[in-house]
1. Considering only residues that are within 14 Å of another protein chain (Cβ to nearest Cβ) and open to solvent by 40 Å² or more (accessible area, probe 1.4 Å), look in the stretch B:93-139 and name the one that is farthest from B:Gly75 (Cα to Cα).
2. Within the stretch A:199-216, track down each residue that is closer than 16 Å to A:Arg29 by Cα and open to solvent by 10 Å² or more (accessible area, probe 1.4 Å).
3. Name the helices (runs of 4 or more DSSP H) wholly inside the stretch A:68-181 in which the number of residues that are within 11 Å of chain B (Cβ to nearest Cβ) and touching a Pro at 6+ places or on another chain (Cβ under 6 Å) is 1 or more.
4. For residues in the stretch A:166-185 being aromatic (Phe, Trp, Tyr) and crowded, with 20+ Cβ neighbours inside 10 Å, which is farthest from the chain's Cα centre (by Cα)?
5. So A:Thr187 passes all but one of these: (1) more than 28 Å from A:Cys11 (Cβ to Cβ); (2) outside the structural domain of A:Phe272 (by TED's automatic domain parsing); (3) touching an Asp or Glu at 6+ places or on another chain (Cβ under 6 Å); (4) hydroxyl-bearing (Ser, Thr, Tyr). Which condition number does it fail?
6. Mind checking whether some residue in the stretch B:58-74 is aromatic (Phe, Trp, Tyr), modelled with pLDDT of 90 or more, more than 30 Å from A:Met51 (Cβ to Cβ) and under 20 Å from the mean Cα position of the chain (by Cα)?
7. Condition (residue is away from every other protein chain (no Cβ under 14 Å), aliphatic (A, V, I, L, M), closer than 29 Å to B:Arg86 by Cβ and in contact (Cβ under 8 Å) with a residue 24 or more places away in the chain) applied to the stretch B:193-206: is it met by at least one residue?
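The values are calculated or read from the model by the stated rules, or taken from the named source; none is laboratory data. In this text, all values refer to a predicted model and were calculated from it rather than measured experimentally. Because the Cβ atoms are built from the backbone with ideal geometry, glycine has one as well, and the counts that use them run over all protein chains shown. Please note that ligands, DNA and RNA were not included when accessible areas were found on the heavy atoms of the full protein model with its side chains. Shrake-Rupley method; radii C 1.70, N 1.55, O 1.52, S 1.80 Å.
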Amino acid sequence: MTNAIEIRGLCHSFGTRPIHRSLDLDVGRGRIVGLLGKNGVGKTTLMNILMGFLRPQAGQCTIMGEPSHHLSPHTKRRIGLLFEGHLAYDFMTITQIERFYARFYLDWNPARFFDLMERLGLPGSHRIRHMSEGQRSQVVLGLLFAQEPDLLLLDDYAMGLDAGYRRLFVDYLADFVRDKNRTVFMTSHVIEDMERIADDLVLLRAGGDVRHTTLKGFRDSFHCYSLPYDGQSLPVADSVIFNVERTAGGRCEIFTFASEQELVAALRRQGFSLDGLRRESMSLEDAFIGYTGRY
Amino acid sequence: MLLALVWKEWLKLRPAFFVLLAVHVAMNVWAAAGLRSLFSGAHPEVLWYQTIILGNIHFDMLRHVPWISGLILAGAQHLPEIRDKRLRLTLHLPVRAETAMACSLGFGACVFFLLAMLDGAVIAATDSAHYPAEIVAIHLWALLPMEAAGLAAYFGATVVFFEPSTSRRLHALLLTITAVAMILVPARPGAWSSPGALALGLFLLTALAMATFLAMAHQRLTGKNQ
């Protein structure tokens, strides 16, 4: 088995609203994959299914070769979960929570946990409920690292973290996962972090549209051009033009996976003048917004 | 691993346990002082008559203490885990969910049992100074439904906490209230010593305990996990 995660024909809906329609996805071992999408497109649903807290209505979702909703204790040991909001047993102290989790994991590595706790500078008797979100994120990260998991599922790890703690989290995580070729599948609303850590992106759009690509492949193949906007009509999406967005300053942005020649031909077909057409540089966040749309 | 699970339950229950222990001790001391005062102000034959013929019990103020204790224990034990979907932390531990649940319920029930034993021991000790063994036994049988109501409240509240759907939660709440009320219906002291009553009480407690596992199984794959 070369894939840490395999999803085949996954379907899930809430009432009459379909969230995932026949989703297929493989995550190879050792890959760091960012799951991106706007609110409501099914990121949390997919994470819930992967984490084993939701049974898909149809299709299969396997983690390390076992159905995600029916993982054996042995496989659970190999998976580290980070829950939205950095959930932890907040009635425990730093020392207590390390002592508790150490009993469950055969490869428990306390040095990893206490290394982070030392940097945190809090006494072992400090109760987790009295910590800030950033401090709690360090405790959770320390517990995940000490567990020495093969697969990490991280649900919105950036939630509630300031820029400093977020950077600390991402850098530590990057070193940790590269160290032993671990697999990471994560969601975040902070797109810029993905540039620092992700190998692959899974881009979800409303209606169940999914694109699985390498980060480099996405950056290299997805382009943005801008055109003066006369206030009358905008180019419309077709087989060449992926998306069009109005921007400030009387221009519109045209996003495409096609070459500039193909775009020019498509714009001509739609009757647009090419005066003022120019290619725009994009950050990953710009590209994400161009791909998923603003509304 | 099981010891770690039990330790986690103890960490949650410890503050509530010591508060409840103090409350139970205080109520028992009050009941014992009341009994002593009764015997110092009235002829023992009158008090024996009141106990044997009229069915009066001197510790009736304890009637509502066990079920309130059961509710408090369930809240102290389970609320920290179901807040913000923290139950997921336990569900992902490398043990079977049923094992974790059994540990949690078993330990909570044991803690409640300790409080019930304290009530029984104090009543038996104070009674023995004033009454013959037969009356002590009747009083302990009278205490039994009060403590059983506490256990029912503990299990019932646990079901309500773990149940993910609002309608099922309301059903569980109604069932729990009915069970607790049924067990607490005023009855002649010793009435619960009959096999039929004992079987009914055991059935109610077992059903509520089992319902906690059903509630856990029901919410396990709904994505809600409280």
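1. Checked the stretch B:93-139; the qualifying residue farthest from B:Gly75 (Cα to Cα) is B:Arg96.
2. Residues satisfying the conditions are A:Asp199, A:Asp200, A:His212, A:Thr213, A:Thr214.
3. Passing ranges, in order: A:73-77.
4. My answer is A:Phe169.
5. It fails just one condition, (1).
6. Yes, the stretch B:58-74 contains at least one residue that is aromatic (Phe, Trp, Tyr), modelled with pLDDT of 90 or more, more than 30 Å from A:Met51 (Cβ to Cβ) and under 20 Å from the mean Cα position of the chain (by Cα).
7. Taking every residue of the stretch B:193-206 in turn, at least one turns out to be away from every other protein chain (no Cβ under 14 Å), aliphatic (A, V, I, L, M), closer than 29 Å to B:Arg86 by Cβ and in contact (Cβ under 8 Å) with a residue 24 or more places away in the chain.
Conditions (1) open to solvent by 50 Å² or more (accessible area, probe 1.4 Å); (2) farther than 29 Å from A:Ile128 by Cα; (3) at pLDDT below 90, marked per residue:
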{"position": "A:Met1", "(1), (2), (3)": "yes, yes, yes"}
{"position": "A:Cys11", "(1), (2), (3)": "no, yes, yes"}
{"position": "A:Val33", "(1), (2), (3)": "no, yes, no"}
{"position": "A:Thr44", "(1), (2), (3)": "yes, no, yes"}
{"position": "A:Ile63", "(1), (2), (3)": "no, yes, no"}
{"position": "A:His74", "(1), (2), (3)": "yes, no, no"}
